[in-house]
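**Q** Below: one structure in structure tokens.
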Amino acid sequence: MLMVVCSSLRRPGHVGAASTMRNLNWILGGGYRPPIQALARHYVQAPEARPVADERFSASQQDRKDIATQTERSSKPKDLLPPPSTSPTPTPTPPLPPPMSDRNADPALDVGPGVAVPYNIDWIFPRLRNPTRFWYMASQFVISAVGIFSKIVLMFLNKTRVYNKERLIQMIDKRPQGVPLVTVSNHYSCFDDPGLWGILPLSLVCNTYKIRWSMAAHDICFTNKRHALFFMFGKCIPVVRGIGVYQEAINLCIEKAALGHWIHVFPEGKVNMEKEELRLKWGVGRIIYESPKVPIILPMWHEGMDDLLPNVEPYVIQRHKNVTVNVGQPLDLNDFVLDLKKRQVPEPTARKLITDKIQEAFRGLRAETEKLHRDRD
């Protein structure tokens with residue numbers, strides 16, 4: 001979808017060119033120094049833990065907790081193992097594989113039932129971990145082109161109203177140095193990212209050093225090398241949906257948080273076309289829990305993005321649609337997370353409790369935003 005958006009832009013340099021050229025000149029002039037990889041690896045991976053029951057699911061659904069709760073990392077439960085062999089020489093049981101958080105996850109191998117990886121994405125992660133000067137140059141171009149297009153579509157071709165925008169700008173540009181930012185929002189349209197960031201000033205939306213890192217579906221955005229390069233330079237991290245929270249995409253998000261970067265997450269895990277209240281995925285809980293510094297969590301809610309870009313064919317961007325974006329209050333979970341660690345709460349339980357906090361914030365923000373959006377009609 002980002003490829004379609006970017007290809008529609010005729011003259012990407014006609015707005016915000018000064019900001020873009022300053023960044024490019026800074027790179028070419030030798031001002032850039034690649035981040036030391038070790039800085040991103042100071043976090044301690046979560047210990048191995050057995051899954052815990054989730055009261056949000058019935059007993060029959062608990063049998064599928066390897067997918068539904070995203071915490072199963074071992075083999076079959078003890079009560080489902082076959083009876084011991086009666087032969088004199090029992091067949092030795094192969095050792096259990098290590099947890100995904102303790103190894104380099106290979107999405108081509110560690111996939112759940114029915115999960116296909118149409119294109120090998122292994123080569124992307126090293127480039128995202130250690131970006132070169134060329135990477136930043138290419139990223140600056142892609143970020144600027146897509147950012148300008150998003151701003152034109154959102155703020156000039158449609159009627160967008162933003163509430164508490166300064167709160168978002170403050171968190172992006174003026175939060176304490178080294179403190180990561182995790183923004184979370186609902187996901188109603190394929191244009192949500194990058195479209196939402198059209199509300200930002202050009203100095204942020206066209207700045208590859210300040211714009212967000214975001215996870216993107218591997219089977220949609222990373223299906224061939226051209227698409228993979230485009231989205232990689234757009235600071236998108238390929239996530240394999242269906243293999244749980246212990247995968248390379250989440251590991252990389254934690255490493256970016258360790259460097260104090262901004263990470264955006266759609267915790268619903270998919271485009272929610274029916275606008276249901278979905279159980280949020282626990283990947284965001286793991287990012288927050290395992291980050292060396294507890295991030296600032298900023299919830300957002302938007303309405304009308306699925307009118308701007310409908311979820312039905314021919315998938316054409318519309319004009320003169322009402323879009324409402326509401327930035328919520330930052331969630332200060334620092335004491336909460338530190339208390340969980342101090343009490344040595346099992347990691348799956350801690351991850352669930354953190355995600356539940358975000359779900360509670362979503363409920364209130366959704367009701368408020370829906371009312372603001374209806375009052376515009």
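**Q** Tell me which residues, restricted to the stretch 244-254, are farther than 15 Å from I121 by Cα and either open to solvent by 10 Å² or more (accessible area, probe 1.4 Å) or without any contact (Cβ under 8 Å) to a residue 12 or more places away in the chain (or both).
**A** The answer is G244, and nothing else.
**Q** Going by the structure shown, is V271 among the aliphatic types (A, V, I, L, M) and open to solvent by 30 Å² or more (accessible area, probe 1.4 Å)?
**A** So V271 fits the description; yes.
**Q** Sort through R343, R366, R374 and tell me the only one that's open to solvent by 20 Å² or more (accessible area, probe 1.4 Å) and touching a strand residue (DSSP E or B) at 6+ places or on another chain (Cβ under 6 Å).
**A** Every option except R366 fails the conditions.
Yes or no, residue by residue, for (1) open to solvent by less than 30 Å² (accessible area, probe 1.4 Å); (2) in contact (Cβ under 8 Å) with a residue 12 or more places away in the chain; (3) hydroxyl-bearing (S, T, Y):
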position	(1), (2), (3)
G285	yes, yes, no
S291	yes, yes, yes
V294	yes, yes, no
V316	no, no, no
D335	no, no, no
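**Q** Need the failing condition index for T183 against (1) touching a Gly at 6+ places or on another chain (Cβ under 9 Å); (2) more than 23 Å from K321 (Cα to Cα); (3) among the hydroxyl-bearing types (S, T, Y), just the number.
**A** (1)
**Q** Quick one: how many residues across the stretch 318-333 are open to solvent by less than 80 Å² (accessible area, probe 1.4 Å) and under 30 Å from R374 (Cα atoms)?
**A** Residues that pass the stated criteria total 11.
**Q** Could you check how many residues of the stretch 167-225 are among the aromatic types (F, W, Y) and touching a residue at least 60 places away in the same chain (Cβ under 8 Å)?
**A** The number of residues fulfilling the criteria is 4.
**Q** Here's another thing I want to ask about it. When the stretch 296-334 is examined, which residues are found to be touching a helix residue (DSSP H, G or I) at 6+ places or on another chain (Cβ under 6 Å) and among the basic types (K, R)?
**A** The one that is touching a helix residue (DSSP H, G or I) at 6+ places or on another chain (Cβ under 6 Å) and among the basic types (K, R): K321.
**Q** So, one more: Kindly indicate whether S203 is of a type in the set (S, T, Y) and open to solvent by less than 20 Å² (accessible area, probe 1.4 Å).
**A** No: the conditions fail for S203.
**Q** Applying the selection to the stretch 246-288, what residues are aromatic (F, W, Y) and closer than 20 Å to K210 by Cα?
**A** Within the stretch 246-288, W262, F266 meet the criteria.
**Q** While we're looking at this one, here's another question. Has the stretch 350-358 got any residue that is under 19 Å from R212 (Cβ atoms), in a helix (DSSP H, G or I) and in contact (Cβ under 8 Å) with a residue 12 or more places away in the chain?
**A** Scanning the stretch 350-358, I find at least one residue that is under 19 Å from R212 (Cβ atoms), in a helix (DSSP H, G or I) and in contact (Cβ under 8 Å) with a residue 12 or more places away in the chain, so the answer is yes.
**Q** Now a separate question. Quick check on my filter: what residues within the stretch 119-177 are among the β-branched types (V, I, T) and surrounded by fewer than 16 Cβ atoms within 10 Å (Cβ to Cβ)?
**A** T132, I152
**Q** Then there's this: Can you find a residue in the stretch 130-152 that is charged (D, E, K, R), in contact with a Phe, Trp or Tyr (Cβ under 7 Å, 6 or more places away or on another chain), part of a helix (DSSP H, G or I) and within 24 Å of A258 (Cβ to Cβ)?
**A** Yes - at least one qualifying residue is present in the stretch 130-152.
The values are calculated or read from the model by the stated rules, or taken from the named source; none is laboratory data. On a predicted model such as this, the values are computed, not experimentally measured, just so you know. Quick reminder, even Gly has a Cβ in these numbers, built from the backbone with ideal geometry, and neighbours come from all protein chains shown. Calculation scope for accessible area: heavy atoms of the full protein, side chains included, ligands and nucleic acids excluded. Shrake-Rupley method; radii C 1.70, N 1.55, O 1.52, S 1.80 Å.
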